[in-house]
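Each remark here refers to the structure printed beneath this line.
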Amino acid sequence: MKAMILAAGRGERMRPLTDICPKPLLSVGGKPLIVWHIEHLARAGIHDIVINHAHLGHKIEESLGHGNLWGVHIDYSAEDEALETAGGIANALPLLGDAPFLVVNGDIFCTLDYGTFCARAITRITQGNLAHLALVDNPPHHPQGDFVLDASSRLSRDGGSLLTFSGIGVYRPELFSTIEAGRKAKLAPLLLAAMDQGRISGEHFHGHWEDIGTPARLNALDEALKQKRTQ
């Protein structure tokens, strides 16, 4: 399975840090945030990675190269301006191929086992689903949540307690077939339309997950990872 790391966002809430450094290259625990993702994917046996970029994207390519340092192969999907989540994925489809693929937001930190998650996702997707998403408990900055996960692992917008979308999912390329390459498009409308058809499944991840959306959260994670390393 191939994986895509979403790394094209401007990181407005992280300014001024992101004025000179793309958000995925900000350091936590002694290494760039995106390197944690690459290492995590490699440990799961996922070695073909696509990274999209826009703001200061050349710095991402210069820093990571083609992934030889981590035993992976990285292709890049460059965007003149950020195409948003679905637009960025649709633009990268020629690199991702025709099989289901994993997508990970570049601005999160998560200990989810990608290998077992992808195996469970493929089981669901072969039953006709268009996507399988990882959900987490609602963080303080997003108490309203996003989707309801029912007893049969189907996702919807109502009918129970809402959980937060982690930014991690496995998708079939068909989900993005209506989006023209190079056009901006949000992911939520595609997911909601597929949910109405009962074609989105998910699971509740209870482990360590953080949305690194502000300098304060970045600093807190940095300190936590450094302390863990010294224990």
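Every read-out reported here was derived from the displayed coordinates using simple, explicitly stated rules and does not represent laboratory data. Just so you know, these numbers come straight off a predicted model, no measurement behind them. Note that we place each Cβ from the backbone using ideal geometry, even for glycine, and neighbour counts take in every protein chain shown.
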| remark: The lysines whose Cα lies under 16 Å from the Cα of residue 23, excluding any fewer than 8 residues away in the same chain, are 31, 59
| request: Between the alpha-carbon centers of region 80-120 and region 127-173, tell me the distance in whole angstrom. | output: 16
| message | Would any residue of region 199-213 have its amide N under 19 Å from a label point 7 Å out along Cα→Cβ of residue 223? List them or say none. | response | 209-213
| task | Between residue 197 and residue 119, take the C-beta separation as r, use R0 = 30 Å, and let me know the FRET efficiency to the nearest 0.05. | result | 0.80
| Which far-off residues, 5 or more places away or on another chain, put their amide H under 5 Å from the one on residue 138, with H placed in the peptide plane? | 164
| field | Distance (nanometres) between label positions extended 7 Å along Cα→Cβ at residue 142 and residue 10 | value | 2.0
| Under 13 Å from the Cα of residue 2 - aspartates and glutamates, other chains or at least 8 residues apart | 48, 75, 98
| Residue among 53, 69, 83 farthest towards the positive dipole end of the chain, charges placed on Cβ | 69
| note | FRET efficiency (residue 126, residue 188; Cβ distance; R0 25 Å; to 0.05) is 0.50
| said: If I take every Cα pair under 8 Å that is 6 or more residues apart in region 75-231, average their sequence separation and divide by the length, what percent do I get for the relative contact order? | reply: 35
| request: Take every Cα pair under 8 Å in region 1-111 that's 6+ residues apart, average their separations, divide by the length, and report that relative contact order as a whole percent. | output: 40
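Report the GluC sites (Glu not before Pro) located in region 114-211 that are in a DSSP loop and have at most 11 other Cβ atoms inside 10 Å of their Cβ, or state none. Don't skip to the answer; put the middle values down first.
Numbers: sites: 174, 180, 203, 210; in loops: 180.
Listed in order of number, the matching sites are 180.
How much length would be gained if the chain were fully extended between residue 19 and residue 59, taking 0.36 nm per residue of separation minus their Cα-Cα distance, in nm to one decimal? Each step should come with its number before you reach the end.
Working: separation 40, 0.36 × 40 = 14.40 nm, distance 1.23 nm.
Gain on stretching residue 19 to residue 59: 13.2 nm.
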